[in-house]
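None of the figures in this text is laboratory data; all of them are computed from the coordinates on show. From a predicted model like this one, the values you see are computed outputs, not experimental measurements. Here Cβ is always computed from backbone atoms with ideal geometry, including for glycine, and neighbour counts include all displayed protein chains.
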Amino acid sequence: MTHHVNRSLTGPAPEHLPGHLSISLWDFSWYTRAGDGEPYADLAGVTAEAASRGFTTVRICAAPLLLYGELGLDDLAADLEIEGMGAPSPGGFVGSRTRWYDVPGGYRVNLRERLFELLAAVRAAGMSVILSSWEYQQSPAFAASPRWFEAIDQVPNDRRYALLADSWLRLLDDVTAAGYRDLIAMVEMHNEVDFSLLPPLAEGMPEVTRLAAAHPDLLVTASYGKPPHLSMYEVPESLGAGQFHVYCYGVLDALQDELDIRAAGEEGFPNPALAEMLRRDAPPLSEYGRAAEWKYRATVVSDRMLYGYDWIDVEAWDRWLHERVGDYRLMMRREVESRVIAVARWARFHQVPVVIGEGWVGYTPLHGDFEESEEGRALTEHGIRTALAEGVWGVVLGSNIAPHHPSWSLVDWQRAMNRLIAEA
């Protein structure tokens, strides 16, 4: 693949791909929400629908460790049982109203076959794909068997990047042999290395460099969940591209602090503010239900977080945010703008393309719609316009703008924003 320099971009991007990418975050959900009647049951159909709305790119967990890690998991990968958090809870199951964890499961999937089915769908839709891994962050938690998590967890910390690099090398060989190499917009060693069961990225850079050297025509990088905006010099300079996540939180941070919804311990949980904001039918934490212990080690959330997001009164949650956002609006706009500028200027200095693969407000309950409201969309649009003005190659319309979120229903807005990106 050859690259061209678009002077408006921070660095050269593959010339056969669009001048700007509009990214839909499909993460691991393309295989954890694939049961009958679920958003990804029909991969060809949902991919075509995304393309019809103007999206150019899907960003996925390609599960390289499970599929190509040579960890003795081939039989599991060929018949992977999806069960979600796997614990009943009053009115449903643990995670049923929590974003990304609302996985009912109850089906089995040949994940290698499904990966190539997705690539075929991406080809048919005229899209591209960002390949990543969430395996040291949460993907294995949705499997019924602990084998996937246990196999990768047993790998010593100082060998984990090497395992990832080896797995990617084998995966990319197969993707190339199948004729899908040109669909790859970017290869991420791993999602959010700063929020995963991995050493700091600086320690893994020799492996990132090794992977990039084996595939010099591909953009190879790793992503940051919270880039060091005030000290971007800490980001390794030899990344082939920037992939940064930009959230501002602001008023959402204030609410989370008041509720202590991410509390680490049970003592005093829920605090009075959270107890007041729970649904009237919320069970006590002791009756909520609990997943197998290994699942909490395999993911980044606690049982308290799941309980809080499952049982919060989302109308009260959204009302609190809307009533107080006026005190934070300007700060949040400045925060988004300054963070976008910081990552874009880093990329321009190093002459590499950059994408914002997740953003813009923050983590909310599944049915909370503050980010999708007029208020939230104004902030999102400010972030996107700033990114385009700064030469960012690709952006999400929001981490929640994907088939497995309620905001997928905002069709007209998605098309309008994707036109803006395409015409930049």
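Secondary structure note: in the chain, about 25% of the DSSP beta bridges are antiparallel.
Treating r as the C-beta distance of Glu258 and Asp153 and R0 as 41 Å, the FRET efficiency rounds to 0.75. Helices in the chain, meaning DSSP H runs of at least 4 residues, each add -39500 (n - 2.57). Divided by all residues, the mean residue ellipticity at 222 nm is -12000 deg cm²/dmol.
When the Cα gyration tensor is reduced to axis lengths a ≥ b ≥ c, the ratio a/c is 1.5 or higher for the range 92-220, and with a/b not above b/c it is classed as oblate. Backbone geometry of the range 136-150 corresponds, through the Karplus equation with coefficients 6.51, -1.76 and 1.60 at θ = phi - 60°, to 3J(HN,Hα) couplings of 8, 10, 6, 3, x, 5, 8, 7, 6, 8, x, 4, 4, 5, 4 Hz, x marking Gly and Pro. Distance between the pseudo-spin-label points of Asp217 and Arg419 (7 Å out from Cα toward the beta carbon): 3.6 nm.
Over the range 113-271, what is the mean sequence separation of C-alpha contacts under 8 Å (at least six apart), divided by residue count, expressed as relative contact order in percent? Can you show the working numbers first?
Details: 173 pairs, mean separation 32.6, N = 159.
This gives 21 percent for the range 113-271.
Placing a label point 7 Å from the Cα of Arg108 along the Cα-to-Cβ direction, the residues of the range 26-63 with a backbone N closer than 17 Å are 32, 34-36.
What FRET efficiency would be calculated for the residue pair Ser145, Ala44, taking the C-beta separation as r and a Förster radius of 30 Å, to the nearest 0.05? Display every interim value, and only then the final one.
On the way: r = 28 Å, r/R0 = 0.94.
The formula returns an efficiency of 0.60 here.
Annotation for the range 205-280 versus the range 81-152: alpha-carbon center distance of 20 Å. Close amide H partners of Ala13, meaning residues 5 or more places away or on another chain with modelled amide H under 5 Å apart, are His4, Asn6. Using C-alpha pairs below 8 Å separated by at least 6 residues, the relative contact order for the range 3-422 is 23 percent.
The 3J(HN,Hα) values that the Karplus relation (6.51, -1.76, 1.60; θ = phi - 60°) gives for the range 68-84 are, in residue order, 9, x, 6, 10, x, 10, 4, 5, 5, 4, 7, 8, 7, 7, 9, 9, x Hz. Gly and Pro appear as x. If the segment from Ser238 to Asp194 were pulled out straight at 0.36 nm per residue, it would be longer than the present Cα-Cα gap by 14.1 nm. Sorting Lys226, Lys295 from the fewest to the most surrounding beta carbons within 10 angstrom yields Lys226, Lys295.
Each label was represented as a point 7 Å from its Cα along the Cα-to-Cβ direction; for Ser52 and Arg279 these points are 3.2 nm apart. Using R0 = 45 Å, the C-beta based FRET efficiency linking Asp173 and Asp327 works out to 0.25. Counting beta carbons within 10 Å around each of Phe116, Phe142 and listing the fewest first gives the order Phe116, Phe142. The candidate values were (1) 164; (2) 130; (3) 150; the one computed from these coordinates for volume of the Cα convex hull per residue in Å³ carries the label (2). Cβ crowding within 10 Å ranks His190, His405 as His405, His190, fewest other Cβ atoms first. Less than 5 angstrom separates the built amide H of Val246 from those of Glu358, Gly359, all sequence-distant by 5 or more or on a different chain. Among 277-284, 56-63, the peptide with the highest mean count of other Cβ atoms within 10 Å heads the list, and the full ranking is 56-63, 277-284.
Scanning residues 5 or more positions from Ser89 or on other chains, those with amide H under 5 Å from its amide H are Val94, with H placed 1.01 Å from N in the peptide plane.
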